[in-house]
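Read through the structure below, which is laid out as structure tokens, and then see the notes.
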Amino acid sequence: MSVKTSLFALAVALLPLSPLAAAEEAPAAVTAFYDFWNSGDQAQLAKAIAPGFTDHTLPAGRPQGPEGPAFASRNFRKAVPDLSVTITKMIVSGDYVTVHMTFHGHFTGTFGSHQGQGQAIDFIATDLLKLTDGKVSDNWHIEDNLTLLTKMGVAKVSE
């Protein structure tokens, strides 16, 4: 591959994809994984996750393995029952998929000892997924938890 072709390929890979375009190019397991985050539907998670799934950025209290994302979704939906996700960028490179997304919803439930008052919630997150045998086998993720907790009224940022 020439340098000119490589630069063109890099430029195309860095272009933002609409959620529709990203979904059309995504491997089936990745589509199912984000359908799960949009709905909490365990059947979508089962389509997506490999039996030996590893969360490499596992938060304290979350179980490792395929039960981890299910646990996270169940608990987060107790606070934000209408949770949804919009994929804003997706880059597929071999067995790896990087996804940048925004979560949306309203804090109407409970989070620890905090009761929601209907606050609008939106925060960004990024996943690096590895696919093995057509399933999501590994995830490295980061969420903007400060924005989330501030919008929920759980954290206060002094100015």
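A short reminder: the numbers here are calculations on the coordinates, not readings from a lab. Here the structure is a predicted model, which is why all the values come from computation and not from measurement. Here Cβ is always computed from backbone atoms with ideal geometry, including for glycine, and neighbour counts include all displayed protein chains.
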- Note on the structure: To the nearest 0.05, the calculated FRET efficiency linking Trp140 and Asp82 through their beta-carbon distance, R0 being 22 Å, is 0.20
- Nearest-0.05 FRET efficiency for Thr102 and Thr54, computed from C-beta distance (R0 25 Å): 0.50
- Under a straight-distance cross-link criterion of Cα-Cα below 20 Å, which aspartates and glutamates are reachable from Lys47, leaving out those fewer than 8 residues away in the same chain? Glu24, Glu25, Asp35, Asp55, Glu67, Asp95, Asp127, Asp133, Asp138
- Unit charges on C-beta of K, R, D, E only; dipole of segment 17-152, Debye: 340 debye
- Rounded to the nearest 0.05, what FRET efficiency is calculated for Asp122 and Asp95 with R0 set to 41 Å and r the Cβ-Cβ distance? 0.85
- Add +1 for every Lys or Arg and -1 for every Asp or Glu among the other residues with Cβ under 10 Å from the Cβ of Leu131, and state the total. -1
- Item | Ranked Lys89, Lys156, criterion: other C-beta atoms within 10 Å, fewest first | Lys156, Lys89
- Could you check how many percent of all C-alpha pairs in segment 17-152 are farther apart than 17 Å? 58 percent
- Quick one: what do you get for segment 73-159 if you divide its Cα Rg by 2.2 N^0.38 Å? 1.25
- Task: Counting other beta carbons within 10 Å of each Cβ, put Tyr96, Tyr34 in order, fewest first.
- Result: Tyr96, Tyr34
